[in-house]
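The values are calculated or read from the model by the stated rules, or taken from the named source; none is laboratory data. Note that the structure is a prediction, hence the values are computed from the model and not measured. Note that we place each Cβ from the backbone using ideal geometry, even for glycine, and neighbour counts take in every protein chain shown. Only protein heavy atoms, including side chains, enter the accessible area calculation; ligands, DNA and RNA are left aside. Shrake-Rupley method; radii C 1.70, N 1.55, O 1.52, S 1.80 Å.
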Amino acid sequence: MRELSVTAEWNSLEPATQFLRSAAVAAGLPEPLQNYVDLILEELFVNITRYAYPDGQAGKVDIQYSVPRPGLLEIEIADQGKYYNPLELESPNLDLALDDRPVGGLGIFLVKQYTESIDYRRDDGWNRVNFRVSAESLLSAT
Amino acid sequence: MDATNSQEFEVACTPWIDQGVKHIIVDLTALEYVSSMGLRYFVNVGKRLNDGGGTLRLCGVNGIVKQLFQITRLTNVFPMHDTVEAALASV
């Protein structure tokens, strides 16, 4: 298990991405699939920076990963912000015409597409999102 | 195009839209990554052009970028072309 703790701000996205890139390399994910790990991290991280902490409060984001076997990553992204379960968001309606489409709302949909499994729990003041990313699930989704 | 830089796309398009340009063609051949934040700005710019009777046209979409446009069915709302020339010919 490896861990990184960063401040919940835009500037932390780059070191967080580098951290999970090293995870993807450790798991032996082929390079084209590593972009999907970047994507999942960004979508979850951006939600935390935007919604978890009140303005001006420098909260933190803890990221952990392990490699149970080659080709499989288990990742947890946790924050101490207000209760927020991203998995409760409604799925976007992808059949709407451009004029009727909301501008956002695709991030968690994308996360669900590219994770093998994902769950959320509220744990003693922490939001904890755990997910698995595998070469097999990414290849079948792409 | 990620959370840190996607807004630059709309900033770049805005003067053209404000001048009354109807169609904008974007060559995405060299774009290697896009997140939902990037998609958000494509949608926003596309809506603004639609409001003026125009279109946002995309070409050269490939790799993960193409896959994200497909999985979000944005391929159904933006005219997609293989090349800039093909996009120009369609306007």
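The relative contact order of region B:7-90 comes to 35 percent, based on Cα pairs under 8 Å that sit 6 or more residues apart. Residue-wise HN-Hα couplings along region A:83-89, as the Karplus relation 6.51 cos²θ - 1.76 cosθ + 1.60 with θ = phi - 60° gives them from phi, are 3, 7, 9, x, 6, 7, 5 Hz; Gly and Pro carry x. With every protein chain in place and a 1.4 angstrom probe, the accessible-area ranking of A:MET1, B:MET1, B:MET80, largest first, reads A:MET1, B:MET80, B:MET1. Taking 0.36 nm per residue of sequence separation and removing the Cα-Cα distance, the B:TRP16/B:LYS47 pair yields an extension gain of 9.7 nm.
Cα centroid separation, region B:1-18 to region B:77-91: 20 Å. By the rule of a C-alpha distance below 18 Å, with chain neighbours fewer than 8 residues away ignored, the lysines paired with A:LYS60 are A:LYS82. Counting only heavy atoms of the protein chains and using a 1.4 Å probe, A:LEU89 has close to 80 Å² of accessible surface. Accessible surface buried by the B/A pair amounts to about 2300 Å², both sides summed, 1.4 Å probe.
A DSSP coil position with no more than 10 other Cβ atoms inside 10 Å describes none of the chymotrypsin sites (Phe, Trp or Tyr not before Pro) in region B:37-91. By a straight-distance test (C-alpha under 25 Å), which lysines pair with B:LYS66 as possible cross-link partners, with residues fewer than eight away in the same chain excluded? The qualifying lysines are A:LYS112, B:LYS22, B:LYS47. The share of alpha-carbon pairs in the protein assembly as shown lying farther apart than 33 Å comes to 21%. For region B:73-79, 3J(HN,Hα) computed residue by residue from phi via the Karplus equation (6.51, -1.76, 1.60; θ = phi - 60°) reads 6, 6, 5, 7, 10, 10, x Hz, glycine and proline entered as x.
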